[in-house]
Amino acid sequence: MAKDRYVSPLSTRYASREMQYIFSPDKKFRTWRRLWIALAETEKELGLDITDEQIEELKAHQDDINYEDAEKREKIVRHDVMSHVYAYGLQCPKAKGIIHLGATSCYVGDNTDIILMREALQLVRRKLINVIAKLAAFADEYKAQPTLGFTHFQPAQPTTVGKRATLWINEFVLDLEETEHMISQLKLLGSKGTTGTQASFLELFDGDLDKVDRIDPMIAEKMGFSACYPVSGQTYSRKVDTFVLNVLGGIAASAMKRATYIRLLQHLKEVEEPFEKTQIGSSAMAYKRNPMRSERICSLARYVMVDVLNPAITSGTQWFERTLDDSANKRLSVPEGFLAIDGILDLCINVTDGMKVYTKVIEKRLREELPFMATENIMMDEVKLGGDRQEFHERIRELSMQAGRRVKEEGLDNNLLDLIAADPMFHMDRKDLEKYIDPTAYVGCAPHQVEKYLDGVIRPILDANRDILGATAEINV
């Protein structure tokens with residue numbers, strides 16, 4: 001790797017080779033040639049004087065791209081598409097005259113962008129499903145493990161580790177639905193000409209509107225799409241890029257939320273992301289075990305969510321039938337959004353694969369808070385014995401404040417149950433009070449909710465996608 005120039009960390013550190021290839025020059029230019037073949041075949045089938053021999057020649061050189069010839073030509077003509085038309089023509093002298101016939105640069109450029117985005121979304125979908133599968137296994141394993149709930153990051157009614165994980169899963173399921181919807185909605189630009197009027201094709205086909213109308217559907221079918229956008233200027237609407245990156249932004253938000261949970265829980269020593277034997281947590285503090293992977297997820301997620309603004313602004317600033325101020329931005333914002341989300345999903349897979357749960361720490365923290373939560377049940381039982389609710393409420397409040405001061409000001413254990421047992425107003429001894437601090441009595445329907453959610457929502461998704469399950473992810477650094 002060159003050391004004397006900038007290289008994107010999305011390539012060197014974060015994104016997978018598979019996603020990098022989708023947005024590589026080789027993938028792009030091979031797709032250009034597939035599109036030129038589809039155009040030539042369509043024009044031949046509609047009656048233009050194009051021979052089978054010419055098309056076979058184009059197919060013979062579809063993948064052996066003569067990059068040096070294209071690069072030399074681009075230095076002269078300063079036009080990437082025409083440089084590749086020229087290079088392809090050198091390899092295909094018989095077909096040279098019919099390459100790109102009637103088309104404009106956006107025929108290969110924009111159609112390729114749509115094809116690559118769809119392929120990238122399919123890879124995102126595959127990784128999303130694997131994230132969901134791994135989290136589902138985690139939720140199932142810990143569905144009945146009580147843990148302290150938090151509202152406002154303050155102690156609240158207990159839940160279970162598995163139930164909390166279903167909250168993470170459901171965010172990703174919503175993203176999966178949006179991803180699948182976007183994949184199903186993507187259409188090709190087709191071949192609309194310089195201002196979207198298809199004037200060049202009307203000329204080529206001697207004014208035959210029926211043949212011109214058939215061009216786009218035929219190209220779409222050859223390229224594996226259901227349709228082309230019905231109207232356009234020279235380009236497809238840049239709003240499409242906005243929709244696509246909004247999907248990525250949603251995934252980024254879900255990943256950030258889950259990673260933030262882990263960062264906070266790791267601080268509490270309840271959960272820990274993978275930490276390798278030789279990994280260094282801090283250059284100064286040798287004992288540190290920082291949640292580096294989760295922090296990286298949050299960092300990359302911020303990038304993706306901000307990147308969503310790029311296509312939105314580009315969409316709103318396109319003039320009339322075509323301006324070129326979209327091009328440089330698209331070359332950056334769309335591929336890098338995908339590369340970043342790819343890195344995020346790999347990190348999500350990796351973190352879930354090696355995540356540790358420290359149940360003893362979880363149980364200790366829960367025991368420290370349960371006495372406060374048990375007071376409502378204690379109060380209700382005293383009322384059943386004939387007590388005055390308001391009087392018991394006031395006394396419990398006073399004892400709770402006393403126990404709270406002991407915990408906060410003296411750093412001692414919560415002794416609220418001892419205080420209640422010693423108070424003559426209550427009719428319970430310490431042994432009687434033990435029944436009130438069984439954690440499983442306070443988690444409500446959480447274990448059942450986990451089972452119901454996994455069986456009713458997640459299993460059908462996983463069963464329908466068994467062929468793509470089992471992904472693992474290596475983290476580069």
*Checklist (1) farther than 30 Å from residue 383 by Cβ; (2) at pLDDT below 95; (3) surrounded by 12 or more Cβ atoms within 10 Å (Cβ to Cβ) applied to residue 450, failing item*: (2)
_Need pairs with beta-carbon distance below 6 Å; first residue not assigned by TED's automatic domain parsing to the domain that holds residue 173 and within region 456-467, second aliphatic (A, V, I, L, M) and surrounded by 10 or more Cβ atoms within 10 Å (Cβ to Cβ); sequence gap 6+ or separate chains._
458/136; 462/133; 465/129
*Could you list, in sequence order, all residues of region 450-472 that are part of a helix (DSSP H, G or I) and either in contact with a strand residue (DSSP E or B) (Cβ under 8 Å, 6 or more places away or on another chain) or farther than 21 Å from residue 167 by Cα (or both)?*
450, 464, 466, 467, 468
*Does residue 382 satisfy being in contact with a helix residue (DSSP H, G or I) (Cβ under 9 Å, 6 or more places away or on another chain), of a type outside the set (A, V, I, L, M, F, W, C) and not assigned by TED's automatic domain parsing to the domain that holds residue 171?*
yes
_Quick check on residue 345: is it surrounded by 21 or more Cβ atoms within 10 Å (Cβ to Cβ), at pLDDT 95 or above, part of a helix (DSSP H, G or I) and in the same structural domain as residue 251 (by TED's automatic domain parsing)?_
yes
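The values are calculated or read from the model by the stated rules, or taken from the named source; none is laboratory data. All figures in this text were calculated on a predicted structure; none of them were measured in a lab. Because the Cβ atoms are built from the backbone with ideal geometry, glycine has one as well, and the counts that use them run over all protein chains shown.
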